[in-house]
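Reading through the C-alpha cells given below for one structure.
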Amino acid sequence: MEIDCKSVVLRKNLIWDMKWNVFLQKWIAMETNQNLEYLELDHRELNVFRHRVLYGIPHEVVDEGVKRVLKIRSDATQEIRGGIDIKRIDGKTATFFEYRTTRIQFLAMSVH
C-alpha cells in the first residue's frame, strides 16, 4: 500500500491490520510515503491498534503525563497527552493518539 500525500483521512476503511503493519514498516524504512505528516482513521482504540498493528514494530508508549502539541487536521494543532511513538530511520517520530470530536473518536498519527 502506497499513499503519497501529506495528510490522509480514512473513513470506514477496510484495510486489514496486517497491511497497516507492512505500510508502517515501509514508512519506518523510508520505502514509502516520506511526505506523510498526518494520518487519521475512524473508530480505532489506541491499545487495540498497538496490539493488532504495531506488533513487531519498535515503539514506545508515552506516559499520559507527557503533553505535546501535535499537528491535527488542516494544519491545526492540539495538545495531546501520552500516545505511542515510532521512529523512522531518518529520526522523524510519528505519534499515534486518540483524537475526539464531540461525537466520534478517531485514531490519528502525527509526524514530527
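Every number in this text was worked out from the coordinates using simple rules, so none of it is lab data. Computed from a predicted structure; not experimentally measured. Cβ: placed from backbone, ideal geometry, glycine included. Neighbour counts: every protein chain shown.
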ask   = What is the dipole size for segment 1-81, taken about its Cα centre, with +1 at each Lys and Arg Cβ and -1 at each Asp and Glu Cβ, in debye to the nearest 20?
value = 160 debye
ask   = How big is segment 56-112 by Rg and Dmax over its Cα atoms, in Å?
value = 11.6, 37
inquiry  = Can you give me the long-range amide H partners of Asn33? Hydrogens built in the peptide plane at 1.01 Å from N, cutoff under 5 Å, separation of 5 or more residues or another chain.
reply    = Ile3
message = Starting from the 7 Å offset along Cα-to-Cβ, what nm value, one decimal, do you get for the label separation of Lys26 and Thr101?
response = 2.9 nm
query = Non-local amide H neighbours of Asn13 (under 5 Å, H modeled in plane, Pro and chain starts lacking H): which ones?
reply = Asp42
note = Interchain or sequence-distant (5+) residues whose placed amide H lies within less than 5 Å of the amide H of Leu54 are none
task = Add +1 for every Lys or Arg and -1 for every Asp or Glu among the other residues with Cβ under 12 Å from the Cβ of Trp20, and state the total.
result = +4
message = Using Stokes-Einstein with the Kirkwood hydrodynamic radius over Cα pairs, what translational diffusion coefficient do you get for the chain at 10 °C and a viscosity of 1.306 mPa s, in µm²/s rounded to a whole number?
response = 113 µm²/s
ask   = So what is the 222 nm mean residue ellipticity for the chain from helices alone, if each DSSP H run of at least 4 adds -39500 (n - 2.57) and you divide by all residues, rounding to the nearest 500 deg cm²/dmol?
value = -5000 deg cm²/dmol
Where labels lie 7 Å past Cα in the beta-carbon direction, separation of Lys19 and Arg50 in nm = 2.6 nm
ask   = Per-residue HN-Hα couplings for segment 23-36, Karplus 6.51 cos²θ - 1.76 cosθ + 1.60 at θ = phi - 60°, whole Hz, x for Gly and Pro?
value = 4, 5, 4, 5, 5, 4, 7, 6, 9, 8, 6, 5, 8, 4
